[in-house]
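See structure below.
The values are calculated or read from the model by the stated rules, or taken from the named source; none is laboratory data. Predicted model only: the values in this text are computed from it and were never measured. Cβ coordinates were reconstructed from backbone atoms using ideal geometry, including for glycine residues, and neighbour counts include every protein chain displayed. Just the protein is used for accessible areas: all its heavy atoms, side chains included, with ligands, DNA and RNA removed. Shrake-Rupley method; radii C 1.70, N 1.55, O 1.52, S 1.80 Å.
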Amino acid sequence: MNFLDMVKKRYSVREFLSKTIELEKIDYIVETVRLAPSAVNKQPWKLFFVTEKCLLQKLSDCYSREWFKTAPACFVVCGNHAEAWSRFDGKDHCDVDISIAVEHLVLAAAEQGLGTCWVCNFDAKKCSEVMNLSEEWEPIALIPIGYATTEIVPEKKRKSLNEIFVQVR
């Protein structure tokens, strides 16, 4: 499958099978994150891979959507702003670097036949408590992962090319 076909195939899965994810697939996905670029190669991220049912239940308290509970596993992606590179005006690139790493994660998962959903609207403070994170690590995204209940890719509504692309000569 070429890259464009994979991107077209990937969507936000909101219903998962209870099937266990093979560790080789997780290792592959995590390796793509490890190799993801970051500003000045600071890699200000840490991934926590949660499969334990009790902890998954506690994570679902941080994001109260029923579908979230169907995921057999979840990545808690955390960033350390103090470790991230900062631009001359003080803007740190932690969130940008995490976004690149998470995009590697979700695309690698899609390539491996797994579904994901990028969740950012969750209670980060509660998540920090659930995960027992030290102060320097901010939970930035929850990425539930598993096998989708369906292989039918929903239609994606996207802006037209002329709405997002301007060629400057």
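For the reader, a short list of remarks on this structure follows.
- Selection from region 46-67 of residues that are open to solvent by 10 Å² or more (accessible area, probe 1.4 Å), outside any loop (DSSP other than H, G, I, E, B) and closer than 19 Å to Ile140 by Cα: Lys46, Leu47, Phe48, Phe49, Leu55, Leu56, Gln57, Lys58
- Test result for Gln43, open to solvent by less than 100 Å² (accessible area, probe 1.4 Å), in a loop (DSSP other than H, G, I, E, B) and of a type in the set (S, T, N, Q): yes
- Tally, over region 96-150, of residues that are polar (S, T, N, Q) and part of a helix (DSSP H, G or I): 2
- Among (1) modelled with pLDDT under 95; (2) in a loop (DSSP other than H, G, I, E, B) - the single one Val7 does not satisfy: (2)
- Looking at Asp27, Asp89, just one residue is acidic (Asp, Glu) and either part of a loop (DSSP other than H, G, I, E, B) or open to solvent by less than 20 Å² (accessible area, probe 1.4 Å) (or both), and that residue is Asp89.
- If you check Val102, Val106 for being within 21 Å of Asp27 (Cβ to Cβ), surrounded by 22 or more Cβ atoms within 10 Å (Cβ to Cβ) and touching a Ser or Thr at 6+ places or on another chain (Cβ under 8 Å), only one passes: Val106.
- One residue stands out in region 147-169 among those that are hydrophobic (A, V, I, L, M, F, W, C) and touching a residue at least 60 places away in the same chain (Cβ under 8 Å): the one that is surrounded by the most Cβ atoms within 10 Å (Cβ to Cβ), namely Ala148.
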